[in-house]
1. Suppose we keep only residues that are in a loop (DSSP other than H, G, I, E, B) and of a type outside the set (A, V, I, L, M, F, W, C) within the range B:552-575. Which one would you say is farthest from B:ALA598 (Cα to Cα)?
2. Scan the range B:227-268 for residues that are of a type in the set (Lys, Arg), assigned to a helix (DSSP H, G or I) and closer than 24 Å to B:TYR281 by Cα and jot them down.
3. Out of curiosity, is A:TYR281 within 12 Å of chain B (Cβ to nearest Cβ) and either of a type in the set (S, T, N, Q) or within 15 Å of the chain's Cα centre (by Cα) (or both)?
4. B:ARG244: of a type in the set (Lys, Arg) and under 22 Å from B:LEU297 (Cβ atoms), yes or no?
5. Please give the number of the condition B:GLU391 fails out of (1) open to solvent by 20 Å² or more (accessible area, probe 1.4 Å); (2) within 26 Å of B:GLY534 (Cα to Cα).
6. For the range B:249-268, name all the residues that are open to solvent by 10 Å² or more (accessible area, probe 1.4 Å), in contact (Cβ under 8 Å) with a residue 40 or more places away in the chain and not charged (D, E, K, R).
7. Given (1) closer than 23 Å to B:ALA524 by Cβ; (2) in a loop (DSSP other than H, G, I, E, B); (3) more than 10 Å from chain B (Cβ to nearest Cβ); (4) of a type outside the set (Asp, Glu), where does A:ALA579 come up short, assuming only one miss?
8. Which of the following residues is within 26 Å of B:LEU33 (Cβ to Cβ), among the small types (Gly, Ala, Ser) and modelled with pLDDT under 95: B:ALA370, B:ALA388?
Number of protein chains: 2
Amino acid sequence: MFAPLGLDESRLAGGFWGERQELNHDAIIPHALHWLERAGWTGNFDNAAAGRPYEHRGMQFADSEVYKIIEAVAWDRARSGPSADLDADLDAALDGLVDRLAEAQDADGYLHTLFGRAWQRPRYSDISWGHELYCFGHLLQSAVASSRAGANARYLQVARALADHVCVMFGENGLRTVCGHAEIELGLVELYRLTGERRYLDQAALFIERRGTGTLPRIEYGSAYAQDDVPVREATVLRGHVVRALYLSAGATDVAVETGDAELLRTLETQWANTVATRSYVTGGMGSHHNDEAFGLDYVLPPDRSYCETCAGVASIMFSWRLLLATGKSRYADLIERTLYNVLAASPARDGRSFFYANTLHQRSVSVPAPVNDDGLCLRGASSRREAWFESSCCPTNLARTLASLGALWATKDDEGVQIHQYGGASVDTVLADGRRVSLDMETEYPHEGTIRITIRESPGTPWTVSLRVPEWAEGATVTVNGTAEAAAPGVFSVTRAFAPGDTITLEVPIEARFVFPHPRVDAVRGCVAVERGPVVYALESVDLPPGWSTEAAVVDVSKPPRSDRDGVHVRLSSIDEAAWDLPYTADAADALPRLAASAEVPLTPYHDWANRGPSTMRVWIPAEVATA
Amino acid sequence: MFAPLGLDESRLAGGFWGERQELNHDAIIPHALHWLERAGWTGNFDNAAAGRPYEHRGMQFADSEVYKIIEAVAWDRARSGPSADLDADLDAALDGLVDRLAEAQDADGYLHTLFGRAWQRPRYSDISWGHELYCFGHLLQSAVASSRAGANARYLQVARALADHVCVMFGENGLRTVCGHAEIELGLVELYRLTGERRYLDQAALFIERRGTGTLPRIEYGSAYAQDDVPVREATVLRGHVVRALYLSAGATDVAVETGDAELLRTLETQWANTVATRSYVTGGMGSHHNDEAFGLDYVLPPDRSYCETCAGVASIMFSWRLLLATGKSRYADLIERTLYNVLAASPARDGRSFFYANTLHQRSVSVPAPVNDDGLCLRGASSRREAWFESSCCPTNLARTLASLGALWATKDDEGVQIHQYGGASVDTVLADGRRVSLDMETEYPHEGTIRITIRESPGTPWTVSLRVPEWAEGATVTVNGTAEAAAPGVFSVTRAFAPGDTITLEVPIEARFVFPHPRVDAVRGCVAVERGPVVYALESVDLPPGWSTEAAVVDVSKPPRSDRDGVHVRLSSIDEAAWDLPYTADAADALPRLAASAEVPLTPYHDWANRGPSTMRVWIPAEVATA
């Protein structure tokens, strides 16, 4: 339906996301490269290449973090374009890493540092937890990125040899199972797209069909954990481990698109819709179980147990992005926006050197995670503090590759023109299918302000179309073309004409702050409200409260709409008297009403910016003050 | 303050708990004995005694299950009294098990089937998770029970040799640490009480003092998990793994009492009060984390994540019981009652052959736990189904030893007379400190009815006192002595006189069903109510709903009090329209109000009896219908 643009065709330019992309280049990527060395995960490849027994460092999937950071470096290079001043340090880092991992590859293409050597467990002996194919998938994605960025040619050879090995080992006549963690499917389809090698696509399709047929060994979390409970075609909603479920869905969408499987695509759209309707947080975050990092049942969305892993946010964007390309429906871009501002933007600290792994919607105490090793790393971390690195450090590298490639999410093209999906300073330069060259610039202070101005820079003499997503929350938006305004309902607003350079299209979205109320089925936030402004979810953070107040003992007056201006968003709060009872239950209904103490107008924090001003507690859902009649 | 009675001095006779004690004898104990053999946990001792390498079966603490079932058999024998017809099968089982475990004891007294042999990990090499001292503690408790029941004499020798080993290994000059799981402290004090050997008490006191000083290795769950974060004397509330915390507190209370440490006792009372006020469920259950089986923060009491492990219920009763004996305060007996009816009674199925490990307050889906081994056992289980056995099967044996010794909780004595703490058919026959023999019988249909009649059977000619606990919820209770009624406020009501045989004391407690409302700080059940009748918590179970209704989509009319009679408890419910939205959030407040559909009077189930009528969903906290003004 829509064709993606190259990172040199759709570029961010400053603003909320442009700044984060620079932060990625300047801080996040170098930080991750440093930690991969320090934690010994790159060293695993050197040890493997040396052929002597060694102690493997990190988790089973440590290899994949190296692949993901290479992918990040590659996309970061790609967005700079061929004419740009390349970053010699990063380029050298990419080449160095590729050389080291290539040396660790076995003659038959297999490449994993934890399995298969004489002193290690055999290859594929732990298909549920071993993450071999998972790591391979990341290698393939990474090698494709590297190739598309015009970097290191050797990497693609490594990838092809590995993919060929997978097709032999897991083909129709091979091991009839799947990896405990989906991901290989994505890598295989992307490698197919790059190389045209059909059997990579066939192998991906085979993995999709096998999943859900019970080929994986029994585990404590049950077969739904790895989506081995129900075939992809028969499922109606996502379940189990969130990142596994979303990577699988993204891979299945790729297979559906490349094989022209409309039925599979429809099924995936249904799964997406049901998952978003009943298993998603207001931040766009997914996952309400910590133990198995999994989806809860429908409407089980406790804010204090929201896992909302950063990687799940990345994975959700991957799935939505593929459905957006395949169907053109703006709802997919709506969820991408919600997830970008309230999951991905929340993970990194302002300096890009620490990260949230889980993105809770309610932090009741100031706490730090317990370290699990002598490096002082915690396993996954869920606390009021971002961490520099994790023993299971999938999120920082996933964030890095996503930020580096973010420009691609901004716009797409089709035969008729260009579609704008996300807002923020950017420029688009591309050639339509019929050879017509078009380009435009977007200027905006979004999401701080609601005015988005698009200026046509280059246009053929013939009519073409610029389509704008009007966000689902933007009731009352207008689009002004060269001075003439029209109302624009949520969805898509298209302008078709023979644009002249200098023509402007201005989208104006209302971004007054608003209260948001939960579905009555969401038990955990009954009687509470959240606050949104534009695409940004706000939170009550303890550092903004009057002295002596607590996020745990305050109610909000919902009779007064939140007040918003450029300085922020404010609500009217009352602190409540929090005396303890003998038991936290009473038979006296009147006793159970909160006793209001002081009242004050209090500023809220953009959720993505919490925990950046010292230790704090925080909540997105605030109990509504109830009448004491 | 109060002295406990022997199991031959305070006997249950029929009724709610008498029936369960018979079920324990007839079904639960034989069932557990069968599974201990079948799962190979008794076989570990045989293998260890044979001195050949073997694969250890079960968890690190499998030995302790054998000790706990011996304790159950011993108490079951003790309650029958010396003149009763002993159960030859159970007696033989006890002797057989003791013989087998005794053969596995090392020459220096050490006894654990998982550590210390040439082919195993060294003794005390995994102090955080190995459960060696934990198992020892259960052996000591079990051997003391056996001795007090007049059973197997060899067992006490095993116990003394083991306790001596512990005093050497962990004494002032030994390993300066504690076990990851408290329990040894309890066993040592009980062995001290039986034998008078002071160094067992000293060793227990040493363990109590060492705990909280950071002697345990770092673990993922943090040092609070094993209460190694704060010394017992400095803590203000229980935290970390619930059973660990409660066993530790019970052991510390024993140490405080035996060493006359009033300050420690005061600290423990404060911890109890804060824990009950802010970290306890309406059922009396404790623990709101599944992953680490731990307490949540204050007021973090989500019904759907209530872990409320059966063993935590047992442990809570152990702690409260010791504080009751030490202080005489009725609040401790109140919590014991709440926990008995709503945690312990909930665990076993009606036939005594399957058990809840976790006791959730809200089961949203019909589900079964995933098996983790070839026996089809699940690890701990948390679902809508009771399980016959668990891979980690601490709860059934803990329940068995508690039910067998339940009579002891009913009454105590002091110089002045007898105190009745729990209600249910029973008889008490004892001798007061000054040698006066007293006895009484209790007859009641409690908790189905509110009348409890106590008849004096034996009395000296001089005045003595019968004290009755008036439950905290029993506003409006009366006590009638030989026909003369008096109001009795919640707390303790004492009757002192020179009773004559045949005198009656009748306690009448109001047991109309009532709504219970949560403290405003309990986020997870805001806007919900529970229903109690007497000491029994009720639940809405799907099998009682009209066709097409769901526990997940119903609200209760709180303007009408629940209606209760002998047939049960009924409330007025409305089903709500549960159409899904695009996202489970809306900016339109009116849209967010539940849409009431049909309305009906619906029966509730006693919580302890749910899941006994086929697969079902269930909730204790029901959303209150709110005015749609």
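The values are calculated or read from the model by the stated rules, or taken from the named source; none is laboratory data. None of these values were measured; they are calculated from a predicted model. So basically every Cβ, Gly included, is an ideal-geometry build from the backbone, and we count neighbours across all protein chains shown. All accessible areas refer to the heavy atoms of the entire protein, side chains included, with ligands and DNA or RNA removed. Shrake-Rupley method; radii C 1.70, N 1.55, O 1.52, S 1.80 Å.
1. By that ranking, first place goes to B:ARG566.
2. B:ARG244, B:ARG266 - these are the residues of the range B:227-268 that are of a type in the set (Lys, Arg), assigned to a helix (DSSP H, G or I) and closer than 24 Å to B:TYR281 by Cα.
3. Spelling it out, A:TYR281 is indeed within 12 Å of chain B (Cβ to nearest Cβ) and either of a type in the set (S, T, N, Q) or within 15 Å of the chain's Cα centre (by Cα) (or both).
4. Criteria met by B:ARG244.
5. (2)
6. Within the range B:249-268, B:VAL257, B:THR259, B:LEU265 meet the criteria.
7. Every condition holds for A:ALA579 apart from (3).
8. B:ALA388
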